[in-house]
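For reference, the structure is listed below as C-alpha cells.
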Amino acid sequence: MPPQDLMTSSPAPNEVTHRAVLQKRHLALYLPQLPLDLWRRREDVRLVGAFGITAKVSNTERLICVNTIAGASGVKPGQSLTDAAAICPDLLTKPQDSLREARLLSALQRWADKFSPRVGQDAPDGLALDITGCAHLLGGEDALGLAMLEGLEDLQVTARIGIANTRRAARGFARYARQNLTISQSDRESQQTARLPMEALDLTPDTLTSLRRLGLKTVGDLSGFKSSELARRFSVKLPLAMDALRGHRPDPVIPSALPKVFAAQMNLPEPIGLLDDVTAIVTRLADRVCMRLNKEAYAARGFQLTVRCVDTGDHHLSIGFASAVRDTTSILRQLRRPLNELVLTFGADWFRLCALDTAIFKPVQIVIGDEAARAEVAIEQTLTTLGNRLGFDRIRRPVSLPSHAPEIEHGSIEAVSAKASEAKFHRHIHPRPERLLRPERLHIIQPGRPPRDFQWRQDRFYLDTAEGPERVAPIWWDAPQSWLSGELRDYWRTRTQSGRTLWLMSCPQKPDLGWFCAGEFI
C-alpha cells in the first residue's frame, strides 16, 4: 500500500495498534537556604563570620538557617536564639523576611520557565517543574539538572534537585536525598522511593509521631499494609499520599500565574550627582514604564525607584497613589520630594523604576462641568500627597459597623485601602451624636429623669426638652471590654436652655452610678 494510503486508511475493527506512551517526568527544586541566600546575594559583610536567620516559633526566637561558619561553631537550625548565643557568642542574626523570600521565589519561577513551560511553586522554599518531553532539548535529564544547578550557583542560590516519575517522588528525592542531583530510574522508581523517609509523604506531625512509635521509618515499611487499614488507623491522607507517590493518583504540576512586571532600568557609564540630571533619567524611565502600562491596559497604585549611589549603595524611594495611575506627570510630582532629600555626594550610576500593585486599568468618563467628579479627583490627589508624606496607614476615614452598641458601632479604616470603597454606612433608627465621648459623670443639682439641672465640665445646664429613653441591651455574646459593655443603658437626647444638645446616659439597673454625658449633637 502506498504511503499516502496509509495516511488516509482507517484500521480494521480487530486490528491492534501500538502507540508509544511518553513517560511523565517531574523535577523538584528545593532551596534549603533561601532565607540566607537573600543576604548572600546582597554580599552582606556579616556573612564573613557566624550568621543566622531567626523566626518566632511558639513564642520563641529560633534559628531557621545558619551559614557554614556558624554550623562549624556548633550552631544548628532549630536551636533557640539564647542557646545559640551561648554556644557561639559572635553569632550575628537577622529576622526572617518572608515577603522578600516570596519575591525571590517568584523571580526564580520566572527564571525556571526556560527549562519547562509548566513551572509551579512549592511554597515556601521550592519549585515544581513538569519536564516531560523537555529534557532532550538540553541533552538529557543529567544535563538539564546540572544546567539548573550551575545557573542557580551563578545566582548565588543554594539548591538541590530531584527528578522522578511523580511530583511527590521528585520532591522527596530533592529534600531527603544526600546528593544535590538525584534522578530516579523509570522502571525501578518504586524500589528507590521505598528508601525515602516517612517525611517525604508530607504528613501532619501527629501522624508522623504515631508512625514512628510503631517503628515505621521509611516509605517501604508501609508496603505490607492495606490502604484501608492505614486509612482506618491514621487518616485517609496517608493512603492518598502513598498513591500520589507511586503514580496511582494524579498529582500534576499546577503553574501559578505570574504577575506582569512593569519596570525599566538604566546603567550609566559615569555617575551623576546633579538633581536636574537625575530628574531627566527618572523621566525617561517613567516614560518607558508608562508606555508599557498603556500598551497592556494596566495601571499602578505604587512605584519604587532604586538609586544606586557610588558610596552609599542602593536607596529605595517608594510612592503610592490613592487611585491607579499610568502617566509620567503624576509619578514625577510625587517623586520630587524624596529626590530632593536624596544625598548624592559622589553621584549615582544605576537607576530602576518598578510599578507596584498593578491591575487592569478601568477608565472612567468624566463629564465636562461635573463638579462631583472634579471634587473626587481633587480628594484623590490630596490623599496621595498626604499618604506619601505621612504614610497611607495614618490617613483613615470613619466607618459605621453593624452594631447597636454606641461604643463599637463606629470605627475607622485606611482611606486608601480596598475596603474603603466597599464600606457601607449603617444608619441607626435613632440619631447618634456627631461627637461621641467616653461617658463622663455629671454633677446633679436638681434630679429628674433626665436631670433638670446639672453641671458638666464646669458648665451649668438647665433642661429645656428631652427625647428618650433609648434602651441599649448589654453585649452578652462577647467578653465585656469595659464596665459599660455589660450594663443595661438608657440614652436621652436633651436640649438645654443654652442651646447645646447633649446625649445623656444612665444605667436603670444601677441607679447609684448616676448620670453620664456620652456625646454631643452639633
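Considering only residues that are part of a loop (DSSP other than H, G, I, E, B) and over 26 Å from the mean Cα position of the chain (by Cα), look in the stretch 44-56 and name the one that is surrounded by the fewest Cβ atoms within 10 Å (Cβ to Cβ).
Narrowing the stretch 44-56 to residues part of a loop (DSSP other than H, G, I, E, B): 44, 49-50.
With over 26 Å from the mean Cα position of the chain (by Cα) added as a condition, the list becomes 49-50.
Details: G49: 14, A50: 24.
In this case the residue turns out to be G49.
Which one of these is surrounded by fewer than 17 Cβ atoms within 10 Å (Cβ to Cβ) and not hydrophobic (A, V, I, L, M, F, W, C): G140, G172, G162? It would help to see each step written out before you state the result.
Values: G172 fails: surrounded by fewer than 17 Cβ atoms within 10 Å (Cβ to Cβ); G162 fails: surrounded by fewer than 17 Cβ atoms within 10 Å (Cβ to Cβ).
Checking each option against the conditions leaves just G140.
I'd like the residue in the stretch 249-276 that is of a type in the set (D, E, K, R) and touching a helix residue (DSSP H, G or I) at 6+ places or on another chain (Cβ under 6 Å) and, out of all such residues, is surrounded by the fewest Cβ atoms within 10 Å (Cβ to Cβ). I'd like the intermediate steps shown before the answer.
Taking the stretch 249-276 and keeping what is of a type in the set (D, E, K, R), we get 249, 251, 260, 270, 276.
After this cut, where a residue has to be touching a helix residue (DSSP H, G or I) at 6+ places or on another chain (Cβ under 6 Å) as well, the list is 249, 251.
Numbers: R249: 14, D251: 19.
Across the stretch 249-276, the extreme among qualifying residues is R249.
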Which numbered condition N67 misses (of (1) crowded, with 17+ Cβ neighbours inside 10 Å; (2) within 26 Å of the chain's Cα centre (by Cα)): (2)
Quick one: L196 ticks every box in (1) at pLDDT 95 or above; (2) in contact with a Gly (Cβ under 7 Å, 6 or more places away or on another chain) except a single one, so which number is it? (1)
As an exercise: evaluate D277 against (1) in contact (Cβ under 8 Å) with a residue 40 or more places away in the chain; (2) outside the structural domain of P197 (by TED's automatic domain parsing) and give the number of the one condition it does not meet. (1)
Are any residues in the stretch 314-354 in a strand (DSSP E or B) and touching a helix residue (DSSP H, G or I) at 6+ places or on another chain (Cβ under 6 Å), and if so, which ones? L317, I319, G320, F321, A322, S323, F351, L353
I need a count of the residues in the stretch 70-99 that are more than 26 Å from V157 (Cβ to Cβ), surrounded by 14 or more Cβ atoms within 10 Å (Cβ to Cβ) and either touching a residue at least 40 places away in the same chain (Cβ under 8 Å) or under 30 Å from the mean Cα position of the chain (by Cα) (or both). 1
Scan the helices (runs of 4 or more DSSP H) fully inside the stretch 95-205 and keep the ones with 2 or more residues being more than 30 Å from V261 (Cβ to Cβ). 141-154, 167-176, 189-193
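For T182, indicate whether it is under 16 Å from A112 (Cβ atoms), out of contact with any Asp or Glu (no Cβ under 9 Å at 6 or more places or on another chain) and among the hydroxyl-bearing types (S, T, Y).
Details: under 16 Å from A112 (Cβ atoms): no; out of contact with any Asp or Glu (no Cβ under 9 Å at 6 or more places or on another chain): yes; among the hydroxyl-bearing types (S, T, Y): yes.
Spelling it out, it is not the case that T182 is under 16 Å from A112 (Cβ atoms), out of contact with any Asp or Glu (no Cβ under 9 Å at 6 or more places or on another chain) and among the hydroxyl-bearing types (S, T, Y).
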Flagged in the stretch 68-94 as under 18 Å from K56 (Cβ atoms), among the polar types (S, T, N, Q) and in a loop (DSSP other than H, G, I, E, B), in numbering order, are Q79
Give the stretch 367-400 a look and list any residue that's at pLDDT 70 or above, surrounded by fewer than 13 Cβ atoms within 10 Å (Cβ to Cβ) and in a loop (DSSP other than H, G, I, E, B), or say none. G391
Tell me yes or no: at least one residue of the stretch 249-259 is under 30 Å from I360 (Cβ atoms), free of Cβ contacts under 8 Å to residues at least 40 places away in the same chain and not in a loop (DSSP other than H, G, I, E, B). no
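Search the stretch 253-270 for residues being closer than 29 Å to D327 by Cβ, at pLDDT 90 or above and of a type outside the set (F, W, Y), and hand back the single one that is farthest from the chain's Cα centre (by Cα).
From the stretch 253-270, those closer than 29 Å to D327 by Cβ are 257-268; that's our starting set.
Retained after the next criterion (residues that are at pLDDT 90 or above): 262-268.
Filter once more, so that each one left must be of a type outside the set (F, W, Y): 263-268.
Numbers: A263: 21, A264: 24, Q265: 26, M266: 29, N267: 31, L268: 34 Å.
Per the criteria, the residue is L268.
Look at S227 and say whether it is among the polar types (S, T, N, Q) and either in contact with a strand residue (DSSP E or B) (Cβ under 7 Å, 6 or more places away or on another chain) or surrounded by fewer than 13 Cβ atoms within 10 Å (Cβ to Cβ) (or both). Quick ask: steps written out before the conclusion?
Working: among the polar types (S, T, N, Q): yes; either in contact with a strand residue (DSSP E or B) (Cβ under 7 Å, 6 or more places away or on another chain) or surrounded by fewer than 13 Cβ atoms within 10 Å (Cβ to Cβ) (or both): no.
So S227 fails the test.
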Checking the conditions here, which among R246, R188 is surrounded by fewer than 15 Cβ atoms within 10 Å (Cβ to Cβ) and of a type outside the set (A, V, I, L, M, F, W, C)? R188
Determine whether the stretch 477-492 contains at least one residue that is surrounded by fewer than 17 Cβ atoms within 10 Å (Cβ to Cβ), modelled with pLDDT under 90 and either of a type in the set (F, W, Y) or in a strand (DSSP E or B) (or both). yes
Within the stretch 411-434, does at least one residue satisfy the condition of being surrounded by 10 or more Cβ atoms within 10 Å (Cβ to Cβ), touching a strand residue (DSSP E or B) at 6+ places or on another chain (Cβ under 6 Å) and modelled with pLDDT of 90 or more? no
Which of the residues belonging to the stretch 505-516 are over 15 Å from R471 (Cα atoms) and either in contact (Cβ under 8 Å) with a residue 60 or more places away in the chain or under 46 Å from the mean Cα position of the chain (by Cα) (or both)? G514
Can you tell me which of T132, T158 is within 11 Å of L29 (Cα to Cα), of a type outside the set (A, V, I, L, M, F, W, C) and more than 23 Å from the chain's Cα centre (by Cα)? T158
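The values are calculated or read from the model by the stated rules, or taken from the named source; none is laboratory data. The structure displayed is predicted, hence computed values, not measured ones. As a convention, Cβ positions derive from the backbone with ideal geometry for all residues, glycine included, and neighbour counts pool all protein chains shown.
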